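*Asks:* Have a look at this one.
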Amino acid sequence: MAEMTTGTLPLRHAAIIMDGNGRWAKKRALPRSAGHVAGVRTTEKIIEYSCKIGLEYLTLYAFSTENWKRPESEVSGLLNLLNSYLDRLVSRLREDNPVYRYAAIRFLGDLTPLSEEMREKIAVSEAFCRSKPEIRTHVNIAFNYGGKDEIVHAVNRFISENPGKQIDEKALSSYLYFAGQPDPDLIIRTGGEMRLSNFLMWESSYSEFYSTATLWPDFSPKSFNEALTAYSSRSRRFGGV
Ligand code: FPP
């Protein structure tokens, strides 16, 4: 797949902090869970659109290591939503649904707290995607993901495999969940906040940041294009001049 360019600026990897489901639901006097359900629909639209425009990597922040602090009912609602999403993912992959036709899905994060059944569905989906004849977009769903947790996990793995050795940037990168992927060129946050919330702490060192007030369930391919247009007018110097 040729590298996508927005104007003259190459863009291989876009990452999204999908925020605002709760406020979207509140505005409609619906439970927060209805906002998350609507959020999943947007997620699928953006996956399909990313494949259409040939974006090489798309990362979606679905559940952070800090989200366990939410009320127990919301956490269990999000886990149930993931479970039903996985059922739909497996069947949509098998039926060659257009949403996932050219997408390779992976789940990145500490998946150990998930049930064995859920981890099995993830393994089945990932294996199915790996065998696809044509992949346009590598989609990372960050679940129970934390940027700091990812770094600690990488360092611990390095130490256990290389006792007594010093770690360097290249070695650390190779132990991250995102090992082998280009760093995100653009990080989009919906819902209007201006923070990274422990997302891609290592990988975001030179990412361009874009925030929109649009709430995640209202985010559309048009909103995505607006973010890409804003990105195309940035000047990236990576510390140079
Ligand atoms: C933030 O909105 C959203 C989340 C913590 C969950 C994100 C999950 C989805 C969009 C669904 C996609 C999930 C899968 C499994 C594909 P918020 O609840 O913080 O909203 P608020 O800031 O308005 O309260």
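*Asks:* Considering amide H positions built from the backbone, and no H for Pro or chain starts, which residues 5 or more places from THR59, or on another chain, come under 5 Å of its amide H?
*Replies:* So THR59 has HN proximity to ALA14, ALA15, ILE16, ASN140.
*Asks:* Rounded to the nearest 0.05, what FRET efficiency do VAL124 and VAL152 have when you use their Cβ-Cβ distance and R0 = 30 Å? Before the final figure, lay out the partial values.
*Replies:* On the way: r = 29 Å, r/R0 = 0.96.
With R0 = 30 Å, the Cβ-Cβ based efficiency is 0.55.
*Asks:* For SER211, list long-range residues whose amide hydrogen, built 1.01 Å from N in the peptide plane, is under 5 Å from its own amide hydrogen.
*Replies:* The list, which skips near neighbours in sequence, is ARG189.
*Asks:* Would you mind telling me the antiparallel percentage of the DSSP bridges in the chain, rounded to 5? Don't skip to the answer; put the middle values down first.
*Replies:* Numbers: 3 of 29 bridges.
Of those bridges, close to 10 percent are antiparallel.
*Asks:* Now a separate question. Under a crude label model (7 Å from the Cα following the beta-carbon direction), how far is ARG88 from LYS69 in nanometres?
*Replies:* Going from the ARG88 label point to the LYS69 one covers 2.9 nm.
*Asks:* Quick check: from the Cα gyration tensor, does the stretch 189-241 come out rounded (a/c under 1.5), prolate or oblate?
*Replies:* Values: a/c = 2.79, a/b = 1.39, b/c = 2.00.
Verdict is oblate for the stretch 189-241.
*Asks:* Next up: Multiply the residue gap between ARG23 and ARG195 by 0.36 nm, knock off their C-alpha separation, and tell me the result in nm, one decimal place.
*Replies:* Working: separation 172, 0.36 × 172 = 61.92 nm, distance 1.73 nm.
Gain on stretching ARG23 to ARG195: 60.2 nm.
*Asks:* Within 10 Å of each candidate Cβ there may be at most 16 other Cβ atoms; applying that plus a DSSP loop requirement, which GluC sites (Glu not before Pro) in the stretch 99-144 survive?
*Replies:* Details: sites: GLU116, GLU117, GLU120, GLU126, GLU134; in loops: GLU134.
Taking the stretch 99-144 and a limit of 16 other Cβ atoms within 10 Å, the loop GluC sites (Glu not before Pro) found are GLU134.
*Asks:* A further question follows. For ASP110 and ARG41, calculate 0.36 nm times their separation in residues minus their Cα-Cα distance, and state this gained length in nm to one decimal. If you can, show how the numbers build up before the last one.
*Replies:* Details: separation 69, 0.36 × 69 = 24.84 nm, distance 2.41 nm.
Result: 22.4 nm gained on full extension.
FYI, it's all coordinate maths here, none of it is from the lab. Worth saying up front: this structure is predicted, and the values here are computed from it rather than measured. Backbone-built Cβ (ideal geometry, glycine too); neighbour counts: all protein chains shown.
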